[in-house]
Structure formats: C-alpha cells, structure tokens
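Engineer: Supplied in structure tokens, the structure appears directly below.
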Amino acid sequence: MDRQQEFVLRTIEERDVRFVRMWFTDVVGSLKSVALAPAEVEGAFEEGLGFDGSAIEGLARVFESDMLAQPDPSTFQILPWRGEKDQTSRMFCDILTPDGEPSAADPRNVLKRTLAKAADMGFTCYTHPEIEFYLLKSQDLGPDGIPVPVDQAGYFDHVPGGVAQDFRRTAVTMLENVGISVEFSHHEGGPGQNEIDLRYADALQTADNIMTFRTVIKEVALQQGTYATFMPKPFSDHPGSGMHTHFSLFEGDTNAFYEAGAEFQLSLTARQFIAGVLRHAPEFTAVTNQFVNSYKRLWGGGEAPSYLSWGHNNRSALVRVPLYKPGKGQSARIEYRGIDSAANPYLAYAVLLGAGLKGIEEGYELPAAAEDDIESLTAAERRAMGHDPLPSSLHDAVRQMEDSELMAHVLGEQVFEHFLRNKRAEWQEYRLQVTRYELQRYLGIL
C-alpha cells in the first residue's frame, strides 16, 4: 500500500468519515457516484469496486458489462457541504476492465492517454479555465416561459446586498475548502450570470476540479434557495456561458510556448500548437460544444467566437494570445474561447491537446493573425482571410467529427463511436420538436 492510500485510510479514521463517495463520469460528463462504507475502502484500493458498466452511458457494451472503479487516493477530499456530522468524502476513480487494464471507454483515461503522449514528446500540459454560469431564482420558468435570473446586473457590477455576491463568496470559500484554488470571481455580462476562474493546474487535475466545481456551485445555489445552470445559452437575448481555457506546454521548468523576441513572444512550438487547434477545431467542436443548445451560444453573438481565427489579444478570435507582460515568459499561453461550460472536461481537453500536439508533430504552419473584429467582416472578407466557420449546429458538428481520423485516434474507438451515437440520438430527438418559436411565428398566419 502506498503513502497516499495510507493517508486516506488514516484520515477517514481520524476524522470519523462515514461515507466515501467514488466519483467518475459517463461519456457526456455526467457525474456518477457510489458511496462506500469506510471499511470497504482498503479493498477498493487493492481490487477496485465492481459495478455494471452497461448501465452507464458509454462505459461498456452489455456483453462486457463488468467493470471496476479504482479510487485515485490523490483526489481524496472531505465534502464540506455535507456538514461536520457523519462526514462525507470523495475520490475520483479510474475505470478498469475486470483484468485490471484501463478501460478504453473511461473519459478520464482518454485524457490520461493524451497527456501520456504529450509526456512522450517532452511536454507537461497546464490549463486554467474561466467558467461562466447563470444563477436563477429557481429551476422553474417564469410566466413568459423563460428562466428568471436572480438579478439584472451586468459585467463586473457591484450590487450592494446582491444575491450573487453572497453566492460567490460562499462558493469560493467552499471550493478552497476542497483544495481548488480560485483566481477571480465576478458578475458576468448577462443578468444573474457569474464567472469564477480557477488557478492553473495540470490538465487532469483541472478536469477533476471542473467536475467538483460544478457540484459545489449547484450545492451552494440549492443551500441559498437559488438554482445554478451551466446550460450554454439559457437566454436568447443575453450572452451564453463559455469555459474559455488557457493552455501552456512546459518542457521541464521551461515554458515551451515562450520565445523572447519572436512575434508576440510566441515560440514555433506555440505557433504549431495553435495551427493544430485551428485546423482540427471543426472536427472536435461536437466534443467542446456537445449539446443542441451549444450552437445557440456559438452563433448567438455575445463574444462567442464562431470562425477559425487567432489573434493577439483579439477577443473575437477563436484562439486568443493574451497580452505579453515583460519578464513573465513563464506565463506565455494561448486561450481557446470556443468551449462551453457544459462540455465533458476530460474529453474536451483531450481533443484540444490532441489537435495541438498533431500540429507540433506535423509542423503545421500558422496563418496570419486576425486584427479585425471577425464578426464585423463580410462573409466575402472572412472567406478571403481564411476564417472558415465552425459547425453551425450539432448535426453539422457530428458530420465533421465522424469523418475525423484524429478524433477517432484521440478518443479511442469505443468513446468515439458511443459519443457519436449519443449525439445523433440527441439531434434526432431535437429535430422532431415543434418549438415555441414555430407556434408563435406560424400558427396565426398559416
């Protein structure tokens, strides 16, 4: 038994932890949880916990349904919202086959495989997400059939006695209590919309942190009598919720994206990484923007980028290179602005990193940076500059993903096929719906 496992067992005993929740996700990123009695944890470390994988979206086919959940002791945390009495903790799990091999269908393993490939190339990947969400009065719709936000405040607004301010203070404290460091928190542009930015960490820890973050935000909202949603675009007239993520690659202690004196201080490695992300973005958009509603955000304005482009401090670009600060070469990074808050972080980071690594491997050339506001250009101007559009619907995104050899390779056959099957089913269900818009538009005139 290693030291981390011993630490977990000792903490469970010393803190009188009564429930140990084992967490993992299905293929679309829904959190799954099973509670272990403390006496069973040592056995779970040694042998894993058996469960029926065929009952979980995308984890196993019926004829190979036996799976094992192996807890990762480095992710052990007490859950503060469960209270001091009968304390509850959690650990993230890796999903294994009955013979102890990593499951090809486990989203966490998909990211671990991609990070292992980066390590083989000499890189460690760090990420820093900016997560937006809406705080609503309840899950119920208002009398006009749309959600009711907790306030009418806007970007960076300070609202004395505001519900969102109290919410953010409590949420940030709880996040830090479970070991997640927060850099910023503020009111975003939409009514009831908030943003909390997590401190940079390696990509696997960030993905685990995002899954915990969503749970904390939902729990704090419920405690305060409100409702938090990570739906990409809950309002037609207000901005959608993104999860802009900053990426950097390090070679040992050196930032591989930084080169003093180069244009924008960007190294060749960084330029090739960006070129890979841009070339393959249409193929992975179904993963970073995985719901029908995601495309209302991408094509609904409000700073959501919808064309293939990159730029230095250009917030209309899909990939932004933040302003360089003198003497801060180690903080050189790129920001991918297309991803939304409802993505499965394990798969989203795997495909983004996989695309960037492909650009480095193949020596992709980076096109010229965009200096204009891309949304304000005409269609002909965008075409002439090579700013092709991202997919305009989930259907288009699925069509582009299913033809992608790179996505099949990064995700692995099982996740690739099951993800596509899930998304085709969602699109089929959606396109059969008669919407409120159609009834209002056509019923009285046709």
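Throughout, read-outs are computed from the coordinates displayed, never taken from laboratory work. Owing to the predicted nature of the structure, the values given are computational and were not obtained by experimental measurement. Heads up, the Cβs are rebuilt from the backbone with ideal geometry, glycines too, and the neighbour counts pull from every protein chain shown.
Engineer: Please compute the length gained on full extension between residue 381 and residue 443, using 0.36 nm multiplied by the number of residues separating them and subtracting their Cα-Cα distance.
Structural biologist: In short, 18.5 nm is gained.
Engineer: How do 285-298, 79-92, 4-17 rank on mean C-beta neighbours within 10 Å, highest first?
Structural biologist: Output ranking for 285-298, 79-92, 4-17: 285-298, 79-92, 4-17.
Engineer: Explain nothing, just the number: relative contact order of the chain, from Cα pairs under 8 Å at least 6 residues apart, as a whole percent.
Structural biologist: Computed over the chain, the figure is 15 percent.
Engineer: Just tell me which aspartates and glutamates come within less than 16 Å, Cα to Cα, of residue 85; anything on the same chain fewer than 8 places away is out.
Structural biologist: Correct list for residue 85: 13, 14, 16.
Engineer: Rounded if a/c is under 1.5, else prolate if a/b beats b/c, else oblate: with a ≥ b ≥ c from the C-alpha gyration tensor eigenvalues square-rooted, which is region 3-99?
Structural biologist: Because a/c hits 1.5 or more and a/b exceeds b/c, region 3-99 counts as prolate.
Engineer: Another question about this same structure. If I model a spin label at residue 16 and residue 388 as a point 7 Å from the Cα along the Cα→Cβ vector, what separation in nanometres do I get?
Structural biologist: 6.3 nm
Engineer: Arrange the peptides 106-112, 262-268, 313-319, 232-238 so that the one whose residues have, on average, the most other Cβ atoms within 10 Å appears first.
Structural biologist: Ranked by mean Cβ neighbours within 10 Å, highest first: 106-112, 313-319, 232-238, 262-268.
Engineer: First measure r as the distance between the Cβ atoms of residue 141 and residue 47, then evaluate 1/(1 + (r/R0)^6) with R0 = 45 Å and state the FRET efficiency to the nearest 0.05.
Structural biologist: Between residue 141 and residue 47 the formula returns 0.45.
Engineer: I've got another one for you. Mind jotting down the distance between the C-alpha centroids of region 200-246 and region 130-172, whole Å?
Structural biologist: 13 Å
Engineer: OK, next. For a test of the definition: using alpha carbon positions, the gyration tensor, and the 1.5 limit on a/c, classify region 291-446 as rounded, prolate or oblate.
Structural biologist: oblate
Engineer: State which helices in the chain qualify, where a helix is a whole DSSP H run, it must extend 15 Å or more along its own axis by its Cα atoms, and its mean Kyte-Doolittle hydropathy must be at least 0.0.
Structural biologist: Helix filter hits for the chain: 203-223, 268-288, 345-362.
Engineer: Are any of the pairs 112/423; 137/296; 137/423 more than 28 Å apart by Cα-Cα distance, and if so, which?
Structural biologist: Correct reply: 137/423.
Engineer: Also: Separation between the residue 433 and residue 405 pseudo-spin-labels, each 7 Å from Cα along Cα→Cβ, expressed in nm?
Structural biologist: Calculated label separation equals 3.8 nm.
Engineer: Give the shape of region 140-219 as rounded, prolate or oblate, defined through the alpha-carbon gyration tensor: a ≥ b ≥ c are the square roots of its eigenvalues, a/c under 1.5 means rounded, and otherwise the shape is prolate if a/b is larger than b/c and oblate if not.
Structural biologist: Verdict is prolate for region 140-219.
Engineer: Continuing with this model, one more query. So what is the relative contact order of region 195-329, in percent, for Cα pairs below 8 Å that sit 6 or more residues apart?
Structural biologist: 18 percent
Engineer: So which GluC sites (Glu not before Pro) in region 332-369 pass both tests, a DSSP loop state and at most 14 other Cβ atoms within 10 Å of the Cβ?
Structural biologist: Of the GluC sites (Glu not before Pro), the ones in loops of region 332-369 whose Cβ has at most 14 other Cβ atoms within 10 Å are 365.
Engineer: Oh, and also: According to a simple spin-label model (label point 7 Å from Cα along Cα-to-Cβ), what is the distance in nm between residue 182 and residue 31?
Structural biologist: In this crude label model, residue 31 to residue 182 measures out at 1.5 nm.
Engineer: Next up: In the chain, what is the volume of the convex hull around the alpha carbon atoms, normalised per residue and reported in Å³?
Structural biologist: 171 Å³
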